[in-house]
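Data first, discussion second: the structure below is written as structure tokens.
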Amino acid sequence: QEVTVEVLDRLEHLALVDFRDAEGVERLQKAIQFADQLHEVNTDGVEPMDSVLEDRCLYLREDDVTEGNCTKELLKNAREKVEEYFVAPPGNIPLPKLEERETFLQGS
């Protein structure tokens, strides 16, 4: 299956992964080929499941708040933060423009 610039752009933004070089695009294409094998599985007559635990009762606990007001203490664990928010993933790289990515796809 062909990986288009639009697909690459969407995946990079969803996964926060950079497929900027030919190796990254090749790895993505191999992953898509591997996942395409699922289309060969015959699922006729198989009802979709709501959960992998649908034959068991899922017990929920009461949501009792026992602590709070610890924002400053929690933010001490952040490698990078903006105002009162964690920045994730740390060291995120800027993604190239669509035009720049076309050259990587043409070479693969």
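Observations
- The C-beta contact set for region 29-55 (first residue closer than 29 Å to Val3 by Cα, second residue part of a loop (DSSP other than H, G, I, E, B), distance under 8 angstrom, 6+ apart or interchain) comprises Gln29/Gln1; Gln29/Val3; Gln29/Ser108; Ile32/Gln1; Ile32/Val3; Gln33/Gln1; Asp36/Gln1.
- Taking region 62-108 as the range and being at pLDDT 85 or above and of a type in the set (Ser, Thr, Tyr) as the test, the residues that pass are Thr66, Thr71, Tyr85.
The values are calculated or read from the model by the stated rules, or taken from the named source; none is laboratory data. Everything quoted here is computed from the prediction, not taken from an experiment. Using ideal geometry, Cβ is built from the backbone for each residue, glycine included, and neighbour counts are taken over all protein chains shown.
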